[in-house]
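K.L.:
Would you mind keeping the following structure in view while I ask a few things?
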Amino acid sequence: MRVGFKSMLLAGALAFMAACSDGTNPNDGGPRPADSLTILTLAQGHPPLAAQSVTFWARYDQDTEGRIDFQTSPTETEEYLKFKVPQHSLMRFPDGTAFATGDSVLITITVINADSLYFDFQPHGLKFSRGKPAELTLEYNHAGSTIEGDFNDDDQVDAQDALIEIQLKVWVQETPGGLFAPLTGILEVEFDEVQAEISGFSRFALAY
């Protein structure tokens with residue numbers, strides 16, 4: 001979506017919120033059941049994923065990262081998911097053992113549903129330092145329903161979609177079928193990107 005067009009939609013959405021808001025929202029800030037969230041999906045015709053999962057060794061005393069990309073051509077890829085583990089971010093193994101210099105852990109990230117921004121991170125129970133958390137970045141420029149940017153499935157991109165977009169967050173689900181809770185994050189609307197701090201492994205979704 002062109003930045004200028006998106007800025008116009010965002011301005012309209014913010015004006016609508018200011019006019020209609022009563023200052024309260026019962027869904028702000030707390031865990032929610034899965035059926036009260038809408039997890040973003042990829043629009044029809046999106047580039048295929050280069051892989052449905054990624055596995056890599058994260059090391060206590062090194063910066064490491066894993067990625068899942070779109071395959072935009074036989075020789076080119078486009079970023080979809082990036083997970084960064086900074087040096088000394090790893091805190092405890094799933095059994096509670098503390099990490100030390102030289103330790104590493106095998107991390108696997110899997111797309112749960114091929115067309116949804118919904119992911120499983122293993123090993124469940126892995127913990128990161130709250131002072132130096134891991135960082136998840138998701139690119140949602142190919143998200144929508146029939147067309148990119150159409151988040152409410154009405155076959156057009158308008159101020160209602162811009163209103164939805166500014167509510168996007170990464171949500172964590174501790175157990176399959178369990179409640180979702182919002183994570184601290186940064187939404188970059190101009191770049192169709194959201195970042196979230198990760199303190200431990202579970203399932204994660206980009207949703208509103």
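K.L.:
Rounded to the nearest 0.05, what FRET efficiency do Glu65 and Gln167 have when you use their Cβ-Cβ distance and R0 = 30 Å?
P.N.:
Values: r = 28 Å, r/R0 = 0.92.
With R0 = 30 Å, the Cβ-Cβ based efficiency is 0.60.
K.L.:
How would Val54, Val170 rank on accessible area, largest to smallest, probe 1.4 Å?
P.N.:
On the way: Val54 25, Val170 5 Å².
Greatest to least solvent exposure: Val54, Val170.
K.L.:
Follow-up question, since we're still on this one. Restricting to DSSP loop positions (anything but H, G, I, E, B) with no more than 12 other Cβ atoms inside 10 Å of their own Cβ, which trypsin sites (Lys or Arg not before Pro) remain in region 83-153?
P.N.:
Values: sites: Lys84, Arg92, Lys127, Arg130; in loops: Arg130.
Hits after loop and neighbour filter: Arg130.
K.L.:
At 1.4 Å probe radius, can you tell me the per residue accessible area of the chain in Å²? Let's see the in-between values first.
P.N.:
Numbers: 10510 Å² over 208 residues.
Accessible surface, normalised per residue, equals 51 Å².
K.L.:
For region 58-142, give the percent of accessible area contributed by carbon and sulfur heavy atoms, probe 1.4 Å, rounded to a whole number.
P.N.:
Details: 1710 of 3930 Å².
Here it works out to 44 percent.
K.L.:
While we're looking at this one, here's another question. Can you tell me the FRET efficiency between Ser199 and Glu78 if r is taken as the Cβ-Cβ distance and R0 is 35 Å, rounded to the nearest 0.05? Before the final figure, lay out each step's value.
P.N.:
Working: r = 28 Å, r/R0 = 0.81.
Rounded to the nearest 0.05, the efficiency is 0.80.
K.L.:
Where is the GNM fluctuation largest for the chain (alpha-carbon springs, 10 angstrom cutoff): Phe70, Phe151, Phe121?
P.N.:
Most flexible of the set in this elastic network: Phe70.
K.L.:
Sticking with this structure for a sec: In nm, to one decimal, how far is the Thr110 label point from the His88 one, both placed 7 Å along Cα→Cβ?
P.N.:
3.4
K.L.:
Might you work out the accessible area of Leu126 for me, using a 1.4 Å probe with all protein chains in place, and round it to the nearest 10 Å²?
P.N.:
Per-residue accessible area (Leu126): approximately 0 Å².
K.L.:
Further, regarding this structure: By how many nm would the segment from Thr97 to Gln44 grow when fully extended, if each residue of separation counts as 0.36 nm and the alpha-carbon distance is taken off? Working shown, then result.
P.N.:
On the way: separation 53, 0.36 × 53 = 19.08 nm, distance 4.44 nm.
Contour length minus the Cα-Cα distance gives 14.6 nm.
K.L.:
While we're on this one: So if the hydrodynamic radius of the chain is defined as the Kirkwood radius over C-alpha pairs, what does Stokes-Einstein give as its diffusion coefficient at 20 °C and 1.002 mPa s, in µm² per second? Intermediate values should be presented prior to the final figure.
P.N.:
Numbers: Rh = 18.1 Å.
Result for D is 118 µm²/s.
The values are calculated or read from the model by the stated rules, or taken from the named source; none is laboratory data. Remember, predicted model here, so these are calculated numbers, not experimental data. Please note: Cβ atoms are built from the backbone with ideal geometry, for glycine as well, and neighbour counts cover all protein chains shown. Areas reflect the complete protein model, heavy atoms only, side chains present, ligands, DNA and RNA absent. Shrake-Rupley method; radii C 1.70, N 1.55, O 1.52, S 1.80 Å.
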